[in-house]
Amino acid sequence: MNIRDARPGDEEAIHSLICELALYEKAPDEVINTVDQLRIDLFEDSVCEALVVEHETLQVVGFALFYQSYSTWKGRCLYLEDFYVKPEFRRGGIGSELFSKVVAIAKERGVKRMDWQVLDWNEPAIGFYQKHGAILDGEWVNGRLFF
């Protein structure tokens, strides 16, 4: 397995993994982003970045998508939007390696905090993050507007 920066041409595989993650999270119809928009956002407008996990067959089997955010209290932060490895490639440590690479990027950039969300029923993910020393804060309620 190889973890590398996403590059043009990976957007279709990443989008497919996003849809797979949405299915697991019981929200497959909520993905309205397209392969083309993902390509623009990742590689043209640089709205976000991604790392991919590439199997020896050159198949992309996992990804982490993130972007810089900002806290008025802390300053620059990194937001991990999505983190996913196909189930058949889990349990070999590749998820931990991918997560550690995102953490390393956050530290290299000097951000003050790294944030992400996990669904309260996703016990395997909660356990994974706790194993990595994460603080899961149940105090905050998410606010959203859709346009």
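No value in this document is a laboratory result; all are computed from the given coordinates. If you're wondering where the values come from, they're calculated on a predicted model, not measured in any experiment. Here the Cβ is made from the backbone with ideal geometry for all residues, glycine too, and neighbour counts use every protein chain on show.
Quick notes on this one:
- Shape category assigned to the chain from the gyration tensor of Cα positions, a/c cut at 1.5: rounded
- Phe146 versus Gln130: modelled label distance in nm, points set 7 Å from Cα along the beta carbon direction: 3.1 nm
- Fluctuation leader among Lys74, Lys86, Lys107 - the chain, Gaussian network, Cα springs under 10 angstrom: Lys74
- Sparsely packed loop sites in the range 1-78 (the chymotrypsin sites (Phe, Trp or Tyr not before Pro) outside DSSP H, G, I, E and B with at most 10 other Cβ atoms within 10 Å) comprise Trp73.
- Computed over the range 70-147: relative contact order in percent, which uses C-alpha pairs under 8 Å that are six or more apart: 34 percent
- The alpha carbon convex hull volume per residue for the range 12-94 rounds to 130 Å³.
- Ordering Leu65, Cys48, Ile94 by the projection of their Cα atoms onto the charge dipole of the range 25-112, which places +1 on the Cβ of Lys and Arg and -1 on the Cβ of Asp and Glu, puts Ile94 at the extreme positive end.
- Cα gyration tensor, the range 93-145 - rounded (a/c under 1.5), prolate or oblate: oblate
- For the range 59-76, the Karplus equation 6.51 cos²θ - 1.76 cosθ + 1.60, evaluated at θ = phi - 60°, returns couplings of 6, 7, 10, x, 7, 9, 10, 8, 7, 6, 10, 9, 10, 5, 8, 10, x, 5 Hz by residue, with Gly and Pro reported as x.
- Cleavage-rule hits, GluC sites (Glu not before Pro), the range 41-106, DSSP coil, Cβ neighbours within 10 Å at most 13: Glu56
- For the range 73-88, backbone nitrogen atoms closer than 16 Å to the point 7 Å from Leu119 Cα along Cα-to-C-beta are found at 82-87.
- For the cross-link pairs Lys26/Lys74; Lys74/Lys101; Lys26/Lys107; Lys26/Lys86; Lys107/Lys131, the ones whose C-alpha atoms lie over 25 Å apart are Lys26/Lys74; Lys26/Lys107.
- Net charge of Cβ neighbours under 13 Å - reference Thr57; Lys, Arg +1; Asp, Glu -1: -2
- In a DSSP loop and with at most 15 other Cβ atoms within 10 Å, the trypsin sites (Lys or Arg not before Pro) in the range 1-54 are Lys26.
- Taking the helices alone, the chain has a mean residue ellipticity at 222 nm of -9000 deg cm²/dmol, built from -39,500 (n - 2.57) per DSSP H run of at least 4 residues and averaged over all its residues.
- For the chain: relative contact order, % (alpha-carbon pairs under 8 angstrom, 6 or more apart): 18 percent
- Approximate spin-label separation Val47-Arg109, in nm, with each point projected 7 Å along Cα-to-Cβ: 1.6 nm
- Anisotropy class of the range 1-44 from Cα gyration tensor, a/c 1.5 cut: oblate
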